[in-house]
1. At 0.36 nm per residue, minus the direct Cα-Cα distance, what do residue 430 and residue 525 gain on full extension? Give it in nm, one decimal, please.
2. For the chain, count all C-alpha to C-alpha pairs, find those more than 41 Å apart, and express that count as a whole percent of the total.
3. Just to be sure I understand the model, the point goes 7 Å from the Cα along the line to the Cβ. What's the resulting residue 66 to residue 337 distance in nm?
4. By count of other Cβ within 10 Å, fewest leading, how are 538, 352 ordered?
5. Compute the separation of the alpha-carbon centres of segment 1-68 and segment 140-170 and state it in Å as a whole number.
6. Enter the Cα centre distance for the pair segment 278-353 and segment 410-487, rounded to the nearest angstrom.
7. Taking R0 as 51 Å, what's the FRET efficiency between residue 518 and residue 58 from their Cβ-Cβ distance, rounded to 0.05?
8. Can you give the FRET efficiency for residue 140 and residue 248, using 1/(1 + (r/R0)^6), R0 = 51 Å, r = Cβ-Cβ distance, to the nearest 0.05?
Ligand code: F6R
């Protein structure tokens, strides 16, 4: 999704600060980029389709591109293809105003027709371009830049994080509605960005903007105001991670680093929340929750965590169902007693926000399970439980999935009407070291290599291992660009078995030696009989090894923890497959880290 950066007070480092911010925002996914700077009263803009290197090449050739106030943008196309002309910033006719935008302006066509009738000429296919023209029209009517910007924003419908600079004004004007924006404040300099990593190197002190708020950043400082221009009190918070957490620390890819960070991430998630002796779970942010019923809403990987969480809740006697958030937002089931749990790494996914907002509109109690402190979902829901995974830069979610699974286990014990599951508590205590054992002993690289030429991969698992199968397939698709499908193991024979051949490896998660494991082994035999290669992810308690071409071991533990460990083996298989194929692992084609449009 589009990324925004801006800064004031960095003097001659303004351009390099913007470019650094854009580098840090690359993980969100983009197809073009640009900057606008105001210096000595003049406004200068540079933008290019393609990767940041293309923009940097242009910037390097432009000695005039200097200034003390600036905004920058990485664009993820929604209206019009990724061309130089559609890249942000967008300017108005007289070139006095430049705007960057994340979100979608729903009424842009009507505004564009109106502006065109008044003689405004448009250069791009974007919805964004109406904004600088609206600002320009207001400036021409005699309004000052701040008022002109507010006038323009008042005409917009849809979602937007906007930053605007105006020729002759050494300030950045900012507005937010439904798309994330955060300010970074420091002595002398102020920043704004879609996400904290863009400026974390310079400051840890942040101010989260709310929907409907405006901000003005200038050499004199910063302030936040409402739509009428009335100043608002805002609290300054401090982020707890440092800039190094957003570096690769010697790994080839962020994804591999984040896979290896899982022991630490899970330790953080569990820290101070489990009292093994007393046999209790404390979630300090939550009040006592009385869950009669739960609806978990999420998208993508987080949806797989939601399926896992729903199964856990049902296990402890709380009826729970997982829903795709985009479906739930438009067709929620009529169970008004349900607490709605939004599961979202970013806390900014538009589909999931739409679902939690719909729930709030109907009067339901809402709870966010998220990694992102200060995110929109964290602020809008009645309650929040943080997964504490630390920043995740790779587009493919890894450590945050394990963090969501772990936090859902804690939530489940926290709300469980019955006695605490002491075996689970012991398994959670050992989880970080069990994850380390998987990482240290995994044969996933050899497995990835063995099946590198396969055109399709299938993943199967039952119960808690069903979301593991779905997630294993999603990881493989996202980063290797190979066809992959995940199934509840019992479902394969109801159709997809027709596709199973000696060229299609089947990954089966088989945990324990109970009835579920025995049935999954039966499904494995079915594919083995069709000469499909089998990769078993197992704790070695079933006899699935007999039918498997490869085995990926996990330590023996509680079945809920086993599902977390099994997934880590599949993350590694996807990673090594994609690495051998030379794919763009951290920024897979067409994908964005934070999907802020519906
Ligand atoms: C896959 C992935 C996506 C996200 C989905 C929801 O690796 O990262 O499928 O899980 O876009 O994002 P969040 O969790 O931020 O709501």
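Each reported figure results from applying straightforward, stated rules to the coordinates on display, with no laboratory input. Computed from a prediction, not measured in an experiment: that's the story for all the values here. As a convention, Cβ positions derive from the backbone with ideal geometry for all residues, glycine included, and neighbour counts pool all protein chains shown.
1. That works out to 30.9 nm of additional length.
2. More than 41 Å apart: 28 percent of the Cα pairs in the chain.
3. In this crude spin-label approximation the distance works out to 7.0 nm.
4. Going from least to most buried by this count: 538, 352.
5. Comparing the Cα centres of segment 1-68 and segment 140-170, I get a distance of 20 Å.
6. 20 Å
7. On the way: r = 63 Å, r/R0 = 1.23.
With a Förster radius of 51 Å, E is 0.20.
8. Details: r = 48 Å, r/R0 = 0.95.
For residue 140 and residue 248, the calculated efficiency is 0.60.
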